[in-house]
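A quick write-up on the structure given underneath.
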Ligand SMILES: [Zn+2]
């Protein structure tokens, strides 16, 4: 009888106590990023909103990456989006969005990172697309919950672009600062990008006019324009770093913005009375290539392999390891 009583007590203990221990354990895992609140300035509504980190991340991934991309690419984007905003929050020592204090981040993609509300996403995708795509992105965010990217223990600035054109850039070739985790790497699987190669045809006279309006010292003969445009230096990633146009030295990035090119990886040829500019890739070329990430995922890479490929020497860690509650 004594043995039986002990057994009953042990079983009761297991049944009553164990589930609560398990639930508490799960909750402890859920809590950090669920409780992490970010203050978002919504540009379209001109107001500040407090959001849960994970909910906010869904709106960023949906705005920044095509939802038909592979789930592992969406997961990589989710970890990058989360890292971006956590780095800016006060909780992690960040200084927030400089344009909209006291917000941590704004929804202007040219300043912080893009974010779309549920209403905006319903409009973008339509009712049926909304159900499928929202579920897919929610999964990408949930499966990577609380994960952020660090380099030597510090949150990184996870910059990204659409299409690298086959190779990404060293940060100092595009901007001034050399960042250890923003190194040039190959991106082999992005030929499916609609902007992998693009062309622009500009009449010779217009070409010369545009250049002279910005650089009055340029000396160009309309007849043999293409010969007077020379690449002086290329970046490690294959983009035009410096070129000489009719005796004037111009940065590749300046030429890119002058002719609104998809990237600074361009070449110039004559096409009768016009100049043909052929451009490879889309964007600044630094950090993660989104089409490259999608291509890697389709070849079987998971989000961790994608992130550690495009960001050199980084680790993916739980938010709790860098931000104290
Ligand atoms: Zn901002």
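Quick notes
- Residue 63 within 15 Å of the ligand (Cβ to nearest atom), touching a residue at least 12 places away in the same chain (Cβ under 8 Å) and part of a helix (DSSP H, G or I): yes
- Within segment 90-139, restricting attention to residues that are outside any helix (DSSP H, G or I) and more than 13 Å from the ligand (Cβ to nearest atom), the residue that is modelled with the lowest pLDDT is 93.
- Residues of segment 238-250 satisfying the condition of being within 16 Å of residue 175 (Cβ to Cβ) and touching a strand residue (DSSP E or B) at 6+ places or on another chain (Cβ under 6 Å): 240, 241, 242
The values are calculated or read from the model by the stated rules, or taken from the named source; none is laboratory data. For clarity, every value in this text was computed on a predicted model and none was experimentally measured. Ideal geometry is used to build each Cβ from the backbone, glycine not excepted, and the neighbour counts take in all protein chains shown.
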